[in-house]
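Asker: Mind looking over this structure? Questions follow.
The values are calculated or read from the model by the stated rules, or taken from the named source; none is laboratory data. What you are looking at is a predicted structure, and each value in this text was computed from that prediction instead of being measured. Note that we place each Cβ from the backbone using ideal geometry, even for glycine, and neighbour counts take in every protein chain shown. Quick note on the areas: whole protein, heavy atoms, side chains included, nothing else; ligands and nucleic acids left out. Shrake-Rupley method; radii C 1.70, N 1.55, O 1.52, S 1.80 Å.
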Amino acid sequence: MILGRGLALCALIAFGIPAVAQESSVRLYAAGSLRAGMTEIGAAFTKDTGVAVSGEFGAPGLLRERIAKGEAADVFASANMEHPLSLAQSGRAGPVVLFARNRLCALVASGVVVTPDTLLERMLDARVKLGTSTPKADPSGDYAWQVFEKAERLKAGAYAALSGKALKLTGAPDSPPPPKDRSVYAKLVAERTADIFLTYCTNALLARKEESSLQVVALPEALAVGADYGLALLDRGGPAAARFALFVMSVRGQEILARHGFSAPALP
């Protein structure tokens, strides 16, 4: 079940949330694009409550598979609604709440001339290497394919050309692990493994902070794709996990996410 923010808060409160001192930690599984924001939220929550938050970040589809196979996690924060909803439908999680929004941007290498108006033309150029994440394993890849579907409405044959040439460089089970000390997107584009990489705007902005020569190009309205982020308590999550979820959706949690480039979902 997908709940609006207000209903989700009621659902979480209905768990009956006592003091959390008896629980020493919360295990969070979250989309890689949430690493910086959720790490800051976790630190703030720990400072307030004394309850540690440990994060496991990666492609949400792969994290969902691990949870479904029995890995111990308390809270799941995905870059789409579908993955946590599938866990809810199987009885592994409670109601799913929309807690943040993102959108896709193009991260562009230095020297590649691209504007929003010319983005489709440049992506279709056979000389331009187009990078994406991996569909199904990572929602970022699914969103990229939605861009390709929109491109088909603008130019016949664009979907086949773009989906055929796209390099699935991240998010797959066999993708190289991201570097611990830098943005994988900055690395891939700076080293020209991809000339253009379709990724979340939050990821693109972080990559440009690391590599100032990179460009962040907004998708034109006709190609624009937004990303809805879903949060769910898993079946093993106790009162501390419920409190952490409430903290994520609180004004303070949303302010932290906003500083990292996410937008808040509209209140019902």
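Asker: Once neighbouring chains are kept in place and the probe is 1.4 Å, which whole percent of the accessible area of the chain is contributed by carbon and sulfur?
Answerer: For the chain, the apolar C and S fraction of the accessible surface comes to 55 percent.
Asker: Regarding segment 151-268, what whole-number volume in Å³ per residue does the convex hull of its Cα atoms give?
Answerer: Normalising the Cα hull of segment 151-268 by residue number yields 189 Å³.
Asker: Here is a follow-up. In whole percent, what relative contact order does segment 34-152 give with Cα contacts below 8 Å and a gap of six or more residues?
Answerer: 21 percent.
Asker: Please work out whether segment 19-71 counts as rounded, prolate or oblate from its C-alpha gyration tensor, where a ≥ b ≥ c are the square roots of the eigenvalues and a/c under 1.5 means rounded, while otherwise a/b larger than b/c means prolate and anything else oblate?
Answerer: oblate
Asker: In terms of the ratio Rg/(2.2 N^0.38 Å) built on C-alpha atoms, what value belongs to segment 62-158?
Answerer: 1.39
Asker: On average, how much accessible surface per residue is there in segment 130-180, in Å², for a 1.4 Å probe, leaving out ligands, DNA and RNA?
Answerer: Accessible area per residue, segment 130-180: 51 Å².
Asker: Evaluate 2.2 N^0.38 Å with N set to the residue count of the chain, then give the Cα radius of gyration divided by it.
Answerer: 1.02
Asker: Can you give the calculated 222 nm mean residue ellipticity of the chain, where each DSSP H run of n ≥ 4 adds -39,500 (n - 2.57) and the sum is split over every residue, rounded to the nearest 500 deg cm²/dmol?
Answerer: Result for the chain: -12000 deg cm²/dmol, rounded to the nearest 500.
Asker: Let me ask something else. Just the Cα atoms of segment 189-239, one point each, no solvent: what log10 I(q)/I(0) does Debye give at q = 0.21, 0.29 Å⁻¹?
Answerer: -0.82, -1.22
Asker: Follow-up. Can you tell me the accessible area per residue over segment 20-80, all protein chains present, probe 1.4 angstrom, in square angstrom?
Answerer: Ligands and nucleic acids excluded, the figure is 39 Å² per residue.
Asker: Rg/Rh for segment 83-128 to two decimals, with Rh computed the Kirkwood way over all alpha-carbon pairs.
Answerer: Ratio value, two decimals: 1.33.
Asker: Between the helical axis of 139-154 and the dominant principal axis of the chain, each derived from Cα atoms, what acute angle in degrees is found, rounded to the nearest 10?
Answerer: So the inclination is approximately 40 degrees.
Asker: Just reorder Ser24, Ser110 by solvent-accessible area, largest first, 1.4 Å probe, all chains present.
Answerer: Ranked list, largest accessible area first: Ser24, Ser110.
Asker: Something else about it: Provide the solvent-accessible area of Met249, counting protein heavy atoms only and rolling a 1.4 Å probe, rounded to the nearest 10 Å².
Answerer: Its accessible surface works out to 10 Å², give or take rounding.
Asker: Relative to the longest principal axis of the C-alpha atoms of the chain, give the angle of the C-alpha long axis of helix 35-49, reported between 0 and 90° and rounded to the nearest 10°.
Answerer: The angle comes out at about 20 degrees.
Asker: Could you give the length gained by full extension between Val216 and Ser54, i.e. 0.36 nm per residue of separation minus their alpha carbon distance, to one decimal place?
Answerer: Full extension of this stretch gives 55.2 nm more.
Asker: Using a Förster distance of 22 angstrom, determine the FRET efficiency expected from the C-beta separation of Ala160 and Asp125, and round it to 0.05.
Answerer: Plugging the Cβ-Cβ distance into 1/(1 + (r/R0)^6) gives 0.90.
Asker: Could you run the Debye sum over the Cα atoms of segment 156-204, one equal point scatterer each and no solvent, and tell me log10 of I(q)/I(0) at q = 0.13, 0.15, 0.25 Å⁻¹, two decimals?
Answerer: Log-scaled intensity ratios, in q order: -0.36, -0.47, -1.08.
Asker: Next question. Among DSSP bridges having both ends in the chain, what percentage is antiparallel? Round to the nearest 5.
Answerer: 55
Asker: If you only keep lysine pairs separated by 8 or more in sequence, or across chains, how many in segment 116-230 come under 26 Å at the Cα atoms?
Answerer: Counting lysine pairs in segment 116-230 gives 23.
Asker: A further question on this structure: What residues have an amide H closer than 5 Å to that of Asp138, excluding those fewer than 5 places away on the same chain, when H is modeled at 1.01 Å from N in the peptide plane?
Answerer: Gly61
Asker: Relative contact order, percent, of the chain when contacts are C-alpha pairs under 8 Å separated by at least 6 residues?
Answerer: In percent, rounded to a whole number, it is 32.
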